[in-house]
1. Rank these for me by crowding, 229, 88, going from fewest to most other beta carbons within 10 Å.
2. Need one word for region 26-126: rounded, prolate or oblate. Basis is the Cα gyration tensor (sqrt eigenvalues a ≥ b ≥ c); a/c below 1.5 gives rounded, then a/b vs b/c decides.
3. Using a Debye calculation, one point per C-alpha and no hydration shell, please list log10 I(q)/I(0) for the chain at q = 0.16 Å⁻¹ in order.
4. Only counting other Cβ atoms within 10 Å, I'd like 41, 170 sorted with the fewest neighbours first.
5. When DSSP assigns beta bridges and you keep just the ones with both residues in the chain, what percent turn out antiparallel, to the nearest 5?
6. Just to verify a number: FRET efficiency for residue 258 and residue 94, C-beta to C-beta distance, R0 = 25 Å, to 0.05?
7. Run the numbers for residue 277 and residue 236: contour at 0.36 nm per residue of separation, minus the present Cα-Cα distance, in nm.
8. Could you give the radius of gyration (one decimal) and Dmax (whole number) of the Cα atoms in region 128-218, in Å?
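Read-outs throughout are calculated quantities, based only on the coordinates presented, and are distinct from any laboratory measurement. Every value quoted in this text rests on a predicted model; they were computed, and no experiment measured them. Cβ coordinates were reconstructed from backbone atoms using ideal geometry, including for glycine residues, and neighbour counts include every protein chain displayed.
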Ligand SMILES: C[S@@+](CC[C@H](N)C(=O)[O-])C[C@H]1O[C@@H](n2cnc3c(N)ncnc32)[C@H](O)[C@@H]1O
């Protein structure tokens, strides 16, 4: 099912994620699925539960959540990009999960339809404006059912030798004045704890997960960022000539355009709940 609700906060034609959507699904989602699995597994969702997935993109984490809550559960997957919403709806149909997943246009702050047993945000926190983030997370907390959890995944802690960071460093070198979002600054324990505290929640788990990424060449990595992610807007803004210089500087750092890239970027997985509430999380067996 696909129910258009509030219109996206961006006009469709200018939302960079609309242009990136199809490429994001093929290029990036397969690399991100293991992180999504970690997030949903840590949340220990139960049968028949109700889950809100915000900034769901093409819905990989929504599909995993839908399998977890079963046919009588409900997952509402929202995104500001109409193209992402359409892809998510299509993915749900293909997986036979369209009876569980409702894919709808919506802002990250939109919690309509609650209360929710879990509110899930994968790789979207840094895209919320700094001055709006606490209010958005507070809204997620207020929309929780008793025993409900907020689960987030965000890139970081920073690995200064990783390709993402090396490309950003090249951009800083070639265009020092260009504004860059530090998408990883939220990833450490202290800022994450602080964010939840300011939003009236308690952090109940924080863990760092890593999964292997492979690109057959450094050129393929740059092309994936340009064509399947919001780097396309940076490219459009700065122009081919400048970005080719940035790419050349990046290739120097990683051993040339043909060099294969193998790395395992860290993502921080954090779960929060209302203070004093008992919540169920996954249990792990540790072998000492
Ligand atoms: C990096 S993608 C993550 C997609 C998906 N959660 C995943 O992990 O694959 C970020 C998504 O957030 C969406 N987004 C960005 N700002 C948003 C907002 N204010 N409200 C809703 N969605 C937003 C984008 O359209 C995009 O689909």
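1. Details: 229 18, 88 29.
Fewest to most other Cβ atoms nearby, the residues stand as 229, 88.
2. rounded
3. For the requested q values the scattering log ratios are -1.32.
4. So the residues, fewest neighbours to most, are 41, 170.
5. 45
6. 0.10
7. 10.0 nm
8. Answer for region 128-218, Rg first and Dmax second: 16.4, 51 Å.
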